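The values are calculated or read from the model by the stated rules, or taken from the named source; none is laboratory data. Computed from a predicted model, the values in this text were never measured in an experiment. Here the Cβ positions follow ideal geometry from the backbone for every residue, glycine too, while neighbour counts run over all protein chains shown. In case anyone asks, the SASA skips ligands and DNA or RNA and just uses the protein heavy atoms, side chains included. Shrake-Rupley method; radii C 1.70, N 1.55, O 1.52, S 1.80 Å.
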Amino acid sequence: MGKVIGIDLGTTNSCVAVIENDEPVIVPTSSGARTTPSIVAFTKNGERLVGEAAKRQAVVNPDRTIASIKRQMGTNWSTRIDGTVYKPQTISAMILMQLKKEAEDFLGQKVTDAVITVPAYFNDAQRQATKDAGKIAGLNVLRIINEPTSAALSYGLDHAEPQKVMVYDLGGGTFDVSIIEIGDGVLEVLATSGDNHLGGDDFDDRLKNWIVSKVKEQTGADVSRDYTAMQRIKEAAEQAKKELSTAETTQIILPYLSQHRGEPIHAELSLTRTEFTRLISDLIDRTAGPVNNALSDAGIRASELGKVLLVGGSTRIPAVQEKVRYLTGITPSKSVNPDECVAQGAAILGSTLSGHAIVAAGTGQDLLLLDVTPMSLSIETIGGVATRVVNRNTTLPTRYSQIFSTAAPYQGSVEIRVLQGERPMARDNKLIGTFKLWGIRRAPAGVPQIEVTFDIDANGILTVSARDLDTGKAQSITITADDRMSDAEIEKAMRDAQEYAGYDDLRREAITLINESNTVLSRTERYIKENKGMDKGFKKQLKNSCSDLQRLISRTRVDSINRDEMENIRRAKEELERITPAEM
């Protein structure tokens, strides 16, 4: 097995790491950055942009730019661009393909295997959607790992002394908290809790609304429906949030933001850290519930914690750090990089899964990871009750079986509704799948005995099987949730991704060829100009060759070029190079 990469597929930014010389190393982007914006865009000429290039053009192309797609994973969200329908899995796959390519460029070899991280509170459908995105991107996803667990794995590599650690992970779109016990090279997750819709995006939204209201106060104009203005406001809000992590005051200056009654609108605002904290205080307060729940489920008090690790870019906000101190009585540690430790932990796990286990510092033992399922799994029974089968914070992998029966007399089949959540009534939990078992022997209600088995793998992904104990026949049950992609859809998305990757390679090759051809043209034309006394026949031959090459280039559209057109340009370029004097 070759190198296994670890990928933190984030809401706002993504990061990829790999093990080099038994140490996790962050893979830089082509521009030297250590993270990639989780943004995909489609230009008007059909070009697809990912990462920094997509982010740079978002202001002028907001309706064809997709950000924060992670919040849509496991849902039936979709968007149509140029006649093509894109689901969250396909957009996420484009980001993963970019990360895969950067890793291959960095390592100088093909990469096929990966460990991808997800929020601890992701449900089954969200985890499966993430795994499907990896498959579409051409990756063999060895494991889906919880983000706070991955961060703790990175921390535990250098801090293997026995201790209980809280990982407080507040990213761009999700919040997780996990209690993890480290000891003798073993990392055991004791409990996890979280909120899948709480993060930096929500802080940005509060700031965006504040800017819009201030602009309206000053100018009377409501710019909330101006797409371009709102994209600029979004970027300004994100920048202001970052600046207020180190400064007490920031200036928000947006010249020519929009127009109102034929006059240009300029925004020039001053925002203090105190005002920003007031705007987001209720959002920060929402992190208290998961923190207290995780401590309670782990059966420990905050005073028993040895460390509190801050993970995710939003933990750089001073008010967040103050909240952590208030909740735990502990000054949070900054010994891990909040943007990079999740990807590093995934790379460590990937190395272990590939047979190259890494030894925890000071123990002489390989790191062993024991994770848990984040939410309880239940079945809906008579009266709409959610009957618990697997409790939250059960160590993974796990397998549980329970006996159920029929609710009506002489049923030939039974529908099993599988739920995820903690509420006692089925309607208050997340329906993750409906399973149907056919061919039950007809009998009075309550007589048939149907053994339903829940099998949760190390990725936290659920499969279900059923067996009629009366006949002894077993039957496999497949999840049929509407928000999952079918095998056929995944296969088609994989083909499309490979074709698009080939198209991108062709475009890059075409651009290089045209640039080289223009260089040859420029040199030849300069040679003709500087050598006016050359043979007229030879001069005509040079000019004709230049004209041929120039004509081919001018007729070519890079976004729709094919191999034949490229070959014609290449031949014309080589012919011009052949007849041009070597001393040119």
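A few notes on this one:
- Rg to Rh, two decimals, where the range 43-169 supplies the alpha carbon set and Rh follows Kirkwood: 1.03
- Distance between modelled label sites at Asp470 and Asn292, nm, 7 Å Cα→Cβ extension: 4.9
- Summed side-chain charge close to Leu377 - residues other than Leu377 whose Cβ falls under 9 Å, Lys, Arg +1, Asp, Glu -1: +1
- All Cα pairs of the range 516-576, percent lying beyond 15 Å: 51
- Loop-resident trypsin sites (Lys or Arg not before Pro) (DSSP state other than H, G, I, E or B) in the range 91-168 with no more than 15 further Cβ atoms inside 10 Å of their Cβ: Lys110.
- Net dipole in debye of the chain [+1 Lys, Arg Cβ; -1 Asp, Glu Cβ; about Cα centre; nearest 20]: 1580
- Within-12-Å neighbourhood charge of Gly134 [Cβ basis; K, R +1; D, E -1]: +3
- Evaluated at q = 0.11, 0.15, 0.18, 0.26 Å⁻¹, a Debye calculation over the C-alpha positions of the range 85-155 (equal weights, vacuum) places log10 I(q)/I(0) at -0.28, -0.52, -0.72, -1.18.
- Label point distance in nm, Arg441-Gln163, each placed 7 Å from Cα along Cα→Cβ: 6.0
- Compactness of the range 295-435 is given as radius of gyration and Dmax, 21.2, 64 Å, from Cα positions.
- Counting only alpha carbon atoms, the long axis of helix 88-107 and the longest principal axis of the chain meet at about 60°.
- Neighbourhood charge, 10 Å Cβ-Cβ cut-off, centred on Gln449 and excluding it, Lys, Arg +1 and Asp, Glu -1: -2
- Karplus-derived 3J(HN,Hα), 6.51/-1.76/1.60, for each residue of the range 276-293, Hz, glycine and proline x: 4, 4, 5, 5, 10, 4, 5, 5, 5, 4, 5, 6, 5, x, x, 4, 5, 5
- Normalised by the number of residues in the chain, the mean separation of alpha-carbon contacts (under 8 Å, six or more apart) gives a relative contact order of 13 percent.
- Under the combined filter of DSSP loop state and at most 12 neighbouring Cβ atoms within 10 Å, the range 244-352 retains these trypsin sites (Lys or Arg not before Pro): Arg261, Arg301, Lys334.
- The relative contact order of the range 137-233, computed from alpha carbon pairs under 8 Å that lie at least 6 residues apart in sequence, is 18 percent.
- Where trypsin sites (Lys or Arg not before Pro) fall in DSSP loop in the range 1-47, at most 16 other Cβ within 10 Å: Arg34, Lys44
- The calculated Kirkwood hydrodynamic radius for the range 157-220 is 14.5 Å, given to one decimal from all distinct C-alpha pairs.
- Relative contact order of the range 323-454, defined on C-alpha pairs under 8 angstrom at six or more residues apart (%): 20
- Taking amide H as placed 1.01 Å from N in the peptide plane, the amide H of Phe404 sits under 5 Å from that of Ile450, Glu451, Val452, each at least 5 places away or on another chain.
- Once the Cα-Cα distance is subtracted from the 0.36 nm per residue extended length, the Asp105 to Asp82 segment shows a gain of 5.2 nm.
- Apportionment of accessible area to carbon and sulfur, the chain, percent (1.4 Å): 46
- Exposed chymotrypsin sites (Phe, Trp or Tyr not before Pro) absent: longest stretch of the chain, with sites in DSSP loops and at most 16 other Cβ within 10 Å deemed exposed: 78-409
- Applying a threshold of 25 Å to the alpha-carbon distances of Lys208/Lys323; Lys334/Lys430; Lys101/Lys234; Lys529/Lys573 flags Lys334/Lys430; Lys101/Lys234 as lying beyond it.
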